[in-house]
Amino acid sequence: MTFKVYIPARMGATRLPGKPLLEIAGKTLIQHVWERATASGAAEVVVATDDARILEVVEGFGGIACMTAATHQSGTDRITEAARLRNEGPDTIIVNVQGDEPGMPAAVIHQVAEVLRLHPGVDIASVCEAFTTEADWRDPNQVKVLRDVHDRALYFSRAAVPFPRDAGAWSPGRDYRRHVGLYAYTMRYLNHFVTLPPHSLETSERLEQLRALAHGAHLRVEDACAPCGVGIDTPADLERFAAALAAHSSR
């Protein structure tokens, strides 16, 4: 199977400005993400950015970077422009790995590409993992996904869903899943997606995947084959990742 990884990266994060170039254990955040993506078996890994500083750093450690417009509203728009500039064919499988996910396992990146390959009727492949605490399930920063019996996404929400009306309390189970922001699609679907108008559900929840769902896309969301961790959004997240790296290297 052949697939490519595109990583959107920008400097303008409000909670952690300059995030891609922050250093952890002697490497920038973007290099940590790039290394995970490279280990996935991807034919190419491309960083899509609007900042020359990111491009210079990526090329400095031997990666491929592509400059895009600064006006994009989402990472999906950014990687679509980069993939078009690089003349990706309509059947090319593109995996969108967020530029702030340095802990994303290479095996999971490969998994989403394989899910798309094995299920030709699927428009977007993604993954999820179980919630282990009620506090995480109730956290609006952790996105929930509801699926049917065939792992097709029914809905994504920041709310604590599904609501356990009769049980009276939360308990772990198949229906309580955190959605991981990792996506695989063909270039053909990416070109279609960026033409779709935003939907009110997307605007309300601030979840881009709801645009695809509201317009009838088939999203398949399987359980991740390895723990995915969480993205880097705050200084505390950065410290936790650095501590995890230190603990791993001391073993």
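In plain terms, the bigger the Kirkwood radius, the slower the diffusion; for the stretch 106-251, with that radius from Cα pairs, at 20 °C and 1.002 mPa s, Stokes-Einstein puts D at 129 µm²/s.
Calculate the dipole size of the stretch 103-152 relative to its Cα centre from +1 charges on Lys and Arg beta carbons and -1 charges on Asp and Glu beta carbons; express the result in debye to the nearest 20. Magnitude of the dipole: close to 100 debye.
When the trypsin sites (Lys or Arg not before Pro) in the stretch 108-188 are filtered for DSSP coil states and for at most 13 other beta-carbon atoms within 10 Å of their beta-carbon, the remaining sites are R165, R174. Given +1 at the Cβ of Lys and Arg, -1 at the Cβ of Asp and Glu and no other charges, the dipole of the stretch 93-251 around its Cα centre is 260 debye to the nearest 20.
All C-alpha to C-alpha distances of the chain, sorted into 10 Å bins beginning at zero, yield P(r) values of 7, 31, 38, 20, 4, 0 percent in whole numbers.
The calculated pair-distance distribution of the stretch 1-134 uses every alpha carbon pair, bins of 10 angstrom beginning at 0, and gives 12, 43, 34, 10, 1 percent. Computed from phi, the 3J(HN,Hα) profile of the stretch 205-220 under the Karplus parametrisation 6.51, -1.76, 1.60 (θ = phi - 60°) reads 8, 6, 10, 5, 5, 5, 5, 4, 5, 5, 9, x, 5, 9, 9, 9 Hz, with x in place of Gly and Pro. Remark: L146, L190 ranked as L146, L190, counting other beta-carbon atoms within 10 Å and listing the fewest first. Note on the stretch 1-65: percent of Cα-Cα distances in each 5 Å bin, starting at 0 and stopping at the bin with the largest distance, equals 4, 18, 30, 25, 14, 6, 2, 0. Computed over the stretch 99-167, the Cα gyration tensor eigenvalues convert (square root of 5λ each) into semi-axes of 25, 17, 10 Å, ordered from largest to smallest.
With helices as the sole contributors, the chain gives -9500 deg cm²/dmol at 222 nm; each DSSP H run of n ≥ 4 counts as -39500 (n - 2.57), and the sum is divided by every residue.
Relative to the Cα centre, the charge distribution of the stretch 41-153, modelled as +1 at Lys and Arg Cβ and -1 at Asp and Glu Cβ, gives a dipole magnitude of about 180 debye.
A short reminder: the numbers here are calculations on the coordinates, not readings from a lab. Since this is a predicted model, take the numbers as computed values, not measurements. Glycine also receives a Cβ, built like all others from the backbone with ideal geometry; neighbour counts cover every protein chain displayed.
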